[in-house]
Every structure is written in C-alpha cells, then in structure tokens.
Amino acid sequence: MPSLSYSTASRIAARELRASRGKFVFVILSVAIGVAALTGVRGFSSSFRSMLLLRARSIMAADLAARTTRQPTPLEQAGVDKITAAGNEETQVVELLSMASSTASLDPLLVSLKAVDPAKYPFYGEVNLAPAMPLSQALTPSTVAVGDDLLLRLHLQVGDSIKLGTRVYRIAASVVEEPDRLSGSFAAGPRVLLSNEALADSGLLAPGSRASRRFLFKLPPPKPGTASSDEAVAALKTQLEAALPEAQVTDYREANPGLTKGLDGATGLLSLMSLVALVLGAVGVAMAMRAHLQQRLDSIAIMKSLGASSGQIMKIYLLQTLLLGLGGGLLGVVLGIGVQLAFPLFLAKLLHITPDFRLDPRSYAIGLGAGLLTTLLFTLPPLLDIRGVRPILILRRAVEVSDDPFSTRLLRKLQGSAAQLGAIALILAGLTFLAARVSDSRQIGGFFAGGLVLVLLVLLAMSALTLYLLRFFLNRTRLHLPSAVRHGLANLYRPGNPSAALLAALGLGVMQIVTVYIAQRAVVEQMQTSTSAKLPNIFLIDIANDEVAGVRALLAQQPNIRGTPEIVPVVSSRLLAIDGVPASQLKLQHMPRRMLQSLNLTWPPTDEPPPGDKVIRGEWWTAAQAAASAKHPLVAVERLEADRLGISPGQQITFAAQDAEFTATVAAVYEPDSLHAFSRGEFVLPQPALAGLPVVWYGGVHCDPGATSQLQRALYKSYPTITVINVAATLETVRQVILQITYVIQFLSGFSIFAGIVILASSIAGTRYRRIREVVVLKTLGATRPRIAAIFSIEFAVLGLVAGFVGLIFANILARLILLHVLHFDYRFQPWMTLGAWLLTAALTVAAGWLASHRILGQKPLEVLREE
C-alpha cells in the first residue's frame, strides 16, 4: 500500500469522528472539564493569591525587614547599598523610648517614638490619620502625629504642641492605624510618629542611644521569565542575612504566623487541586479513548486486510487523538475563562475584596498543553496495541481477548514489549513535567509522579485481589445466591470487561477527591480558630503586681469585652550559658548578642501549653514535673528563639534574674500564634521555677473595634501608668484576609470535587458501548429489562464499594501525610465522613452507570446482531 499522507490521514480521522460523535463526547468532556478545572482554578487562585500576598505585605509594610539595635558598620552598610543598587528600594524605621511633655505643662510622659521617611514609608499599606491627610503632609521637620492615648494623657488636641528632646513640635494629626503595628516594637508608652529629619533635630538620637532600627525593603515587580516573587524574596533574605549578620531578618510571610500559615495552606491546597484536576482528566481520557479504540478494532482489522501497515493506521488514530485533545483543550480553556470570571460573582457576598480578572496566557497554555499531552500520553499504549491486531482475531476477540489495559494479559505482554514499557515511562515523564509546571515546583512534580505510580500499583494489586476473591467466593456460593446477584458479580471478571481498569480509575479518583476534601476541611477548621472574635486585639503593657486584681475587675465590668482577658506574668532575665558554654562564646543565628541580656520568662496558667502555643519538638511537662520544677526546672522555648540560639530539647540553659541564677532543661520547643498575650514570653517555665522573682504583667483582651477608645479612657482613668497598645484595626485586617482564604478554599475545593465527579462519571459512562452486545445476548436468551437492570446495578455497586474502600484508605493516608508533613496542619480521622463517602461512592457509581446506560436496555437484538 502506498504511503499515507497526513492530509489523507486527517480526512479519514475527521470522517470517523463525524460518524461517531456520541462516542467522543466522553473524551472531549473529560479533557474539557480537566482543562477547565486546571485553568479556572489556577487562573483565579493566581490572581487571588497575588492580592492576598499584597495584604500580607501590608502587615509588615515591606517585603522584608531587618531589625538591628545599632548602626550598621561601614562593611554592613556597603552590603545594604549593594542590595539597593540592584533595584530594591530601602527605607529605615527608627524606634526608641523618650520623654515627652506638653508646652503648657512640664509633666513628662514616657512615649514610644517611631521615625520614618514619609516619602517612602510604608511600601505597602497606609497610615490612617485623623484628620485624613497624606503622611508626608503630617510629618515635616516641625510636625508629628501622635496616638489618641497621648492626647488623652497630656490633655492635648490636634494642633497643640509637645516637646521632644530639645525641640517643640506641632501635632498635625492623630494616628488611627499603622500597617506594621504588629511588626514594630511593643514598647511602653503612647505612639509618636515623626520624620527622620525631625528625630535628627531633636537631639534624642545621640551616640549610644538604645534605638532599634528596622531596614524595610521592597523588591521590584518580577519580570517575565524571571524568578517568582516568593523566590526573589527568599534570595534577598539570604543576601540580607549575609550583609547584616547580627540583624533579625524576616519577610512578609513571617509578619503574622496565622496569616502565613493560612497562605501556605491555601497555596498548597490550590496546587493540589490543580494536580487533582490534571490526573482526573487524564483518567477520563484514558478510559474513554481506550473504549473507542476497542470499538474500532473491526475497522483496524479491515484496513490491515486491505494492506495498510500498522504505522499508517497509527498515524490515523494519532491525528484523531490530537484532534480530540485539541478540541477538548480549547473548549476547556474557554470554560476555564468562564470559571475564572464566575468565581468572583459567586464569592461577591463573602469576599470584601475582589481580585481583578487577568488573562493569564501562561495558565491557558499550560491547560491546553496538559489536555493535549494527557490525551496523547494515555492513548499511546492502545495505539501501540494496533501493531498486534491481526484480522483473524476480530472473529474471536469478544471471547478470547480481554481489553482490560491493566489485566495480567497486558502485564505478561509488557515483559516482551519494549515499546509499551517506553510508553509507560513516557507517560510518567510527561505527568512529572506537567505536575512540575502546574505546581511550579520540580520537587512536587517528582513526588507527585512517584506517589501516583505507587498508589496505582497498589490499586491494581487490590483490584486483582478483589476479582480473585470474588471468583473464589462465587465458586463456593454459586448455588446459594440469587441468579441476578450471581450474574452481577460474575460480570466483574467476564472476558472483555475492564473491571480492574475501572476499579483502579475509580479508586484513584476517590482518593484524589477525598484527599482534597479532608485537607481543605482540616485547613479551614484550623484557620477559623484564628478568626475567633475572642482573640486579643488590645494589649496592656507593664501592669504592676498590685494592679493585676484591679485590672481584672475593671475589664470584667466593660460591656464591649469578648471572651476572657489574658493576663500574663513576665520575668525579665539574662541568658548566661547553654550547656555550660558562656553567652559570650555562643554562635548566634541572626540575633544581636545584646538581646541575651533582656529575655522574657513566663509561666502558663495550667500545666498545658498556653493558648495559641503548639509544641513542635519535645514534650510538655506533666503536673508532677511541674511540681518538682523548683528543684529541677524545665523550660519550653519559642521556635524562633530556639533556632537563633541553636537550642533543642534536652539541652541546659542557665538564666539570671536579678541576683538569682538557675539552670533549666529544655523540655519542648513551641510555635506561638502571635495572637495571644502569651506570645510575649519567649521562654515558658512552670510557676514554681520562677517563684519569688520580680514580675511585670502584660494583658491581652478582645474589645469591639468601635469601642476601643472607651476602653482606653477607662484604663487611663484608673491606671494611668499602664500602656495600651491598640492593634484592633490591624488584626481585623488579618481576620478578614483569613476568612476570605477559607471561603475561597471551600469554594475552589468544591468546584474541583464536582469536576472530579463529572470526569469519573464520564469514565464509567464510557463503558456503555461495551454493554450493548451483552444486553442483546441476554435479551436473546430471554432476560427481561428488570433482570438486566438488577445485574448491572449489582455490578456498578460492587465496583463503587470496592473502589471507594481502597480509595478512602489511601485518601486518609495521603491526607495525613500532606497535612502533617507538607502543610503542617492537624489531621483527625473522621469515621462518619469516611463511611458516608464510601456509601456515596457506591451510589454515585450506580447513578453514573445508569445515567449513561439506561438507554441500551431498549436496544433491539436484531439491529445489533445485523451490525455484527
């Protein structure tokens, strides 16, 4: 036969597509839904994540911050200059304590000064002033902005003057909100915001003054083809740590642990959802395309009888596959754009902020490429099977040849087929590449492909075991079972039935869908605890011992307080040694050595970790150990301090509080949430270990945001020496962002789950053409419609139950690994949800099978037999 041109092959492929439109609906549907889920979820999550990260940056007012307690050395300043010369913006924030007084009264007041460059600060977010005005207008060399509490304590108003150092400044505005209030120093005293020039003129910034400096950095927008924003921030952080070795360098993701954890969880879940959409689409393509090629064995055999070579026939079906993949991919991209446009409309009532719609050609190209590549990859094995089709086999393929791609027949065949092994290797390589592109991580791509292979092998083994056990069961109970049940179970391993393939595909799909559900539910539940309306948003600084009871009573009388106020004891201490190594010889990680002279120790209200603290290494002490702690002290260390000091459980730390020295054994390392007053203490010990030491108390309380000024006035009237830090506005921003993250996670995961169910349903429905011949044979032998319906229902139900059982086991294992070791969230086994998902899988399998197969019950035997 002469060579077959591509144009001729394309015409034959297109003619066959037109002649069998119905059979290709499932292929196009699987590709389109997979690509739509991939592009829609990825496109929306990309714009939503960019918006969230902008909000996260506003909490720090920058991309990165480096805190130090001294002026940089010339060498360190050269390192900072090198960073700014590379296109990064930089500004300094200086914070220190000073005394301020009114020009009408010389009574001094301790205040917290914050000097900034109003032309640059803040890089993200806004400083809200009353009356409203630009920061550059409020902060001039002769004007300042102050907190409401300073006006209250000094009996001043906006427009009056205060004295700072040797200069007098006019109060231009009051500070309503600072974007980086949580990132700055929680120093005693009301806030005074001024310009760097004004601070320099005041004479307060003398050599040796205990001023804290924060270097804020803003990166330029990433250029196309360069590293992503997160990667650029990580690289700059490494560079900063080298340039300022004693500075504490943090990036915007560390500004608030609750928000950071929410962002990490959202990012991980959104990537997982995209991968799930990709795999489920591939499963649907594999099942539908294999069904189609099996239906075309007659045509293939006839073409071979007429002299066509295997290569020529493969060319026809390869082009057909590409046409299907292209059609489904283009439809999927269009649907994906529609999904991306629809998400904000559905979420409009839940989100206070709506991400801008952005056409992301990269996401659409990845989605279209994924559709084409998965369609091509998963049809390679059946395309290669064309080489082995002989015309004589067509007469007996229905009874001698199994079309199950995952059967032992294929496994035996692979032992002598390098081409099939190469096809499988190519599939894995292609999926690895796609997973890496979708998740933007080569590591995730590799783990994904490896995990997919492992899970698929186990599912295939379980499928083979299930079919073997069914056959064994039927051989011993055949005469004791109703005929419909016996026939339905036997159908699972009849010649030509792709039971193992369906079990593997359904099991894999159930595993992926339920993994997404479990992961999103765990992430959402844990994130919602950080949006509680009872978390402190007002912090009280420097409460004396004899004021604690009175402060508790005053707070209890306030009508706008929610939850129980947190009053935390703090003992000021110095670190002398670790495991006998003096503090002067310790190797510190980005921590000024002078900070070892001012550490905060506290004790918890019970023998459990304080609210908001989670043990990540070691174990918390028991009640008996706490009671013995006066003689054998134990200590729990905050994670960041432990990393900077190189501390791990079992080591010995020697502290000095006034004249008392004691050595404590590290029992645990904990992660605080920064949302509770207990985050004030970096070292937690049992109360007996700190008995008799001088204590200063700090408080945290949740007040309705609109009533914070009333609370401040009540506290000042009764306890004028207590400093009130109001971060209600900032924490409300954090709370709203976290709520928005949870809404989006729930919505996108619901969409991904729905898309997965549709794809799996289309995979099951793709077997309807295989069942037509069986229905005809049964009708010819006298079977009624109800009997045939019962046989198929039993078969579908067993498929769903077995696949659901296997898939749910692996879903819980995978969800536990992802939550505990990747996303760092708690995992809880949910028995009722698992049982419900198992029964729902069986019900959906039966429903999907019958939605696609009910019409074949009306097939007339004569019509089908004539086609044979």
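The values are calculated or read from the model by the stated rules, or taken from the named source; none is laboratory data. As the structure is a prediction and not an experimental result, all values here were calculated from the model. Reconstructed Cβ throughout: ideal geometry from the backbone, glycine too, with neighbour counts over all protein chains shown. Ligands, DNA and RNA are excluded from the accessible area calculation, which covers all protein heavy atoms including side chains. Shrake-Rupley method; radii C 1.70, N 1.55, O 1.52, S 1.80 Å.
List of remarks:
- Verdict on Leu588 being touching a residue at least 12 places away in the same chain (Cβ under 8 Å) and touching a strand residue (DSSP E or B) at 6+ places or on another chain (Cβ under 6 Å): no
- When Arg680 is tested against (1) among the basic types (Lys, Arg); (2) closer than 23 Å to Pro592 by Cβ; (3) surrounded by fewer than 16 Cβ atoms within 10 Å (Cβ to Cβ), only condition (3) is not met.
- Scanning the stretch 294-315 finds one or more residues that are farther than 30 Å from Glu641 by Cβ, at pLDDT 75 or above and touching a Phe, Trp or Tyr at 6+ places or on another chain (Cβ under 8 Å).
Here's the yes/no breakdown for (1) farther than 25 Å from Gly849 by Cα; (2) surrounded by fewer than 19 Cβ atoms within 10 Å (Cβ to Cβ); (3) modelled with pLDDT under 70:
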residue: Arg409; (1), (2), (3): yes, yes, yes
residue: Ala418; (1), (2), (3): yes, yes, yes
residue: Leu421; (1), (2), (3): yes, yes, yes
residue: Leu428; (1), (2), (3): yes, yes, no
residue: Val453; (1), (2), (3): yes, yes, no
residue: Ser463; (1), (2), (3): no, no, no
residue: Thr477; (1), (2), (3): yes, yes, no
residue: His487; (1), (2), (3): no, no, no
residue: Asn497; (1), (2), (3): no, no, yes
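- Of all residues in the stretch 641-658, exactly one satisfies the criterion of being in a helix (DSSP H, G or I), aliphatic (A, V, I, L, M) and touching a residue at least 40 places away in the same chain (Cβ under 8 Å), namely Leu645.
- Counted residues, the stretch 579-627 - those being open to solvent by less than 50 Å² (accessible area, probe 1.4 Å) and of a type in the set (Gly, Ala, Ser): 4
- Residue satisfying all of: in the stretch 465-475; closer than 24 Å to Ala789 by Cα and in contact with a helix residue (DSSP H, G or I) (Cβ under 9 Å, 6 or more places away or on another chain); surrounded by the most Cβ atoms within 10 Å (Cβ to Cβ) among these: Thr466
- Taking the criterion of being touching a residue at least 60 places away in the same chain (Cβ under 8 Å) and of a type in the set (Ser, Thr, Tyr), the only residue of the stretch 464-477 that qualifies is Thr466.
- Here is the figure for the stretch 631-651: residues that are surrounded by fewer than 16 Cβ atoms within 10 Å (Cβ to Cβ) and touching a Pro at 6+ places or on another chain (Cβ under 7 Å) total 0.
- Of all residues in the stretch 563-577, those satisfying the criterion of being under 27 Å from Gln712 (Cβ atoms), touching a residue at least 40 places away in the same chain (Cβ under 8 Å) and surrounded by fewer than 16 Cβ atoms within 10 Å (Cβ to Cβ) are Gly563, Ser572.
- The condition (being in a helix (DSSP H, G or I), modelled with pLDDT of 80 or more, open to solvent by less than 70 Å² (accessible area, probe 1.4 Å) and on the phi < 0 side of the Ramachandran plot) is satisfied by just one residue among Ala797, Ala852: Ala797.
Quick grid of which residues meet (1) within 21 Å of Pro610 (Cβ to Cβ); (2) modelled with pLDDT of 75 or more:
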position	(1), (2)
Phe655	yes, yes
Asp673	yes, no
Val684	yes, yes
Trp697	yes, yes
Gly700	yes, yes
Tyr719	no, yes
Val734	yes, no
Leu739	no, no
Val744	no, no
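- Test: Arg55 is of a type outside the set (Phe, Trp, Tyr) and either in a loop (DSSP other than H, G, I, E, B) or under 30 Å from Ser598 (Cβ atoms) (or both): no
- Residues in the stretch 344-363 that are at pLDDT 70 or above and part of a loop (DSSP other than H, G, I, E, B) were compared, and the one that is least open to solvent (accessible area, probe 1.4 Å) is Asp360.
- Filtering the stretch 329-343 for residues that are part of a helix (DSSP H, G or I), of a type in the set (S, T, N, Q) and more than 29 Å from the chain's Cα centre (by Cα) leaves an empty set.
Residues are listed down the side, and each one gets a yes or a no for (1) touching a helix residue (DSSP H, G or I) at 6+ places or on another chain (Cβ under 9 Å); (2) open to solvent by 30 Å² or more (accessible area, probe 1.4 Å); (3) at pLDDT 75 or above:
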residue	(1), (2), (3)
Gln710	no, yes, yes
Phe747	yes, yes, no
Phe751	yes, yes, no
Val776	yes, no, no
Lys779	yes, yes, no
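- When Ala556 is tested against (1) closer than 24 Å to Glu732 by Cα; (2) free of Cβ contacts under 8 Å to residues at least 24 places away in the same chain; (3) surrounded by 14 or more Cβ atoms within 10 Å (Cβ to Cβ); (4) not acidic (Asp, Glu), only condition (3) is not met.
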